[in-house]
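Report on the structure given below.
The values are calculated or read from the model by the stated rules, or taken from the named source; none is laboratory data. Fair warning: this is a prediction, and the values are worked out from it, not measured in the lab. Ideal geometry is used to build each Cβ from the backbone, glycine not excepted, and the neighbour counts take in all protein chains shown. The accessibility values were calculated without ligands, DNA or RNA, using every heavy atom of the protein model including side chains. Shrake-Rupley method; radii C 1.70, N 1.55, O 1.52, S 1.80 Å.
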Amino acid sequence: MKKEDLLRAGCMVPDTLQEAIRSGRQDMAEGDEEALETYICRLLEENGRENTYFDFYFGTLSKEEQSRAETVLSSEQVRFLHAYGLPDSREDVYFPFEESLFAIALRLSVTQMLFSTFYFPRLRKTVWSSYEGKFIVFSYD
């Protein structure tokens, strides 16, 4: 998917923190890995899987960075990533919900290995995974 596809689906896709702040209200989701994962999964269910999107930059990482990120994944997840054929272009990092890839993006986010953004257009929320046990939640009208 391209950024334009997300915008057509009603997602807020800011390029900068300042742009995101201007777009609506901000909250923080905080907690340990399990709490953050539970929070995102709750939003996923409320929003509907068919209306959920995320960005995932794994394919744009160097081989060294990919190997480091893979250390928090199961061997099954690593095999899935290698077979998936992720694009290496920063323009092709947006995906509609797909269970295995979403689970990997979420795992890498909660373990602070790779930043991802999760888009929940029916709920009018965009969640930036962050570090130190905090996700920034943007709510927009």
* Asked: Would a scan of the stretch 44-59 turn up a residue that is of a type in the set (Gly, Ala, Ser), within 21 Å of Ser89 (Cα to Cα) and exposed (fewer than 13 other Cβ atoms within 10 Å of the Cβ)?
  -> no
* Is it the case that some residue within the stretch 50-58 is in a helix (DSSP H, G or I) and either among the small types (Gly, Ala, Ser) or farther than 16 Å from Arg124 by Cβ (or both)? -> yes
* To do: Could you look through the stretch 3-21, keep only residues that are modelled with pLDDT of 90 or more and in a loop (DSSP other than H, G, I, E, B), and pick out the one that is surrounded by the fewest Cβ atoms within 10 Å (Cβ to Cβ)?
  => Gly10
* **Search result, residues across the stretch 94-138 that are surrounded by fewer than 16 Cβ atoms within 10 Å (Cβ to Cβ) and either within 9 Å of the chain's Cα centre (by Cα) or among the small types (Gly, Ala, Ser) (or both)** => Ser100, Phe115, Gly133
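Conditions tested, residue by residue: (1) within 18 Å of Tyr140 (Cα to Cα); (2) touching a residue at least 40 places away in the same chain (Cβ under 8 Å); (3) charged (D, E, K, R).
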{"site": "Asp15", "(1), (2), (3)": "yes, no, yes"}
{"site": "Met28", "(1), (2), (3)": "yes, yes, no"}
{"site": "Gly31", "(1), (2), (3)": "no, yes, no"}
{"site": "Leu36", "(1), (2), (3)": "no, yes, no"}
{"site": "Glu46", "(1), (2), (3)": "yes, yes, yes"}
{"site": "Gly59", "(1), (2), (3)": "no, no, no"}
{"site": "Glu70", "(1), (2), (3)": "no, no, yes"}
{"site": "Ser74", "(1), (2), (3)": "no, no, no"}
* Structure fact -> The one condition Asp88 fails out of (1) over 23 Å from Asp32 (Cβ atoms); (2) at pLDDT 95 or above is (2)
* Specify the residue that is surrounded by the most Cβ atoms within 10 Å (Cβ to Cβ); the eligible residues are those in the stretch 71-89 that are within 24 Å of Lys134 (Cβ to Cβ) and of a type outside the set (S, T, N, Q). => Leu73
* Output yes when any residue across the stretch 38-52 is touching a helix residue (DSSP H, G or I) at 6+ places or on another chain (Cβ under 7 Å) and at pLDDT below 95, and no when none is. => no
* Asked: Looking at this structure, is Glu64 open to solvent by 80 Å² or more (accessible area, probe 1.4 Å), of a type in the set (D, E, K, R) and either on the phi > 0 side of the Ramachandran plot or without any contact (Cβ under 8 Å) to a residue 24 or more places away in the chain (or both)?
  -> yes
